[in-house]
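Since every read-out is calculated from the coordinates, none of them should be taken as a lab result. This is a predicted model, so every value here is computed, not measured. Note that each Cβ is placed from the backbone with ideal geometry, even for glycine, and that neighbours are counted across all protein chains shown.
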Amino acid sequence: MASTEHSFDVVSDFDRQELVNAVEQARREIATRYDFKDVTAEIELQEKEIVLLAASDGRADAMLDVLKSKLIRRNLSLKILLPGKPEPAAKGNVRQALKIQKGIDEDTARDLSKRIKAGHPKVQVRIQGDELRVVSKDKDNLQAVIQDLRQLELPVPLQFTNYR
């Protein structure tokens with residue numbers, strides 16, 4: 001009987017449509033809230049970031065809280081957002097850019113690869129662009145790797161796909 005290899009991919013991804021929905025819901029809630037009546041409060045979803053435009057730092061924080069609650073409700077990790085510093089904008093407003101993280105960056109991928117190899121010498125790890133492929137002859141080793149990765153505190157959310 002030939003020994004077969006099993007594998008899975010470690011990715012950091014999210015459902016873009018859920019993000020669009022969360023931003024829409026946040027927009028609607030902010031539009032109806034009394035504390036945002038007659039003040040600048042805009043949320044703009046772009047390709048790689050979300051831009052908040054608010055009358056003050058406090059308002060920007062409140063908008064961010066509303067947005068976060070909508071992300072959580074739609075099962076999106078808050079780790080996909082990298083908030084930048086609020087900066088002054090036109091007419092005394094405040095602009096804050098929230099970068100949207102997708103994929104595992106090179107440094108994190110190398111770090112994960114080292115950790116996996118250190119804890120599980122019988123598995124192979126390949127970095128493929130912005131994801132990792134973990135390969136082993138034994139499914140139990142792969143399960144153990146997934147368990148270990150779930151315990152880690154990382155700057156990006158991880159999902160495990162293509163388990164074969």
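Taking K and R as +1 and D and E as -1, what net charge do the other residues with C-beta under 11 Å from the C-beta of S12 add up to? List each step's numbers first, then the result.
Working: positive: K79, K102; negative: D9, D13, D105, D130, E131.
The answer is -3.
Which of P88, V20, L53 sits farthest toward the positive end of the charge dipole of the range 16-100, with +1 on the Cβ of Lys and Arg and -1 on the Cβ of Asp and Glu? Of the options given, the answer is V20. Between E49 and I100, the built amide H atoms are under 5 Å apart, and every one of these is 5 or more places off in sequence or on another chain. With all pairs of different C-alpha atoms in the average, the Kirkwood value for the hydrodynamic radius of the chain is 17.9 Å.
Overall, the anisotropy analysis places the range 16-100 in the oblate class: the square-rooted eigenvalues a ≥ b ≥ c of its C-alpha gyration tensor yield a/c not less than 1.5, with a/b not exceeding b/c.
Just subtract the alpha-carbon distance of I146 and K85 from 0.36 nm times their residue separation and send over the number in nm, one decimal. Could you put the intermediate results ahead of the total?
Values: separation 61, 0.36 × 61 = 21.96 nm, distance 3.42 nm.
Net length gain for the segment: 18.5 nm.
What GluC sites (Glu not before Pro) does the range 1-97 have in DSSP loop regions with at most 15 other beta carbons within 10 Å?
E5, E47
What is the helix-to-structure angle for 139-151, meaning the angle in degrees between its Cα long axis and the longest Cα principal axis of the chain, kept from 0 to 90 and rounded to the nearest 10? The helix 139-151 is inclined about 30 degrees to the chain.
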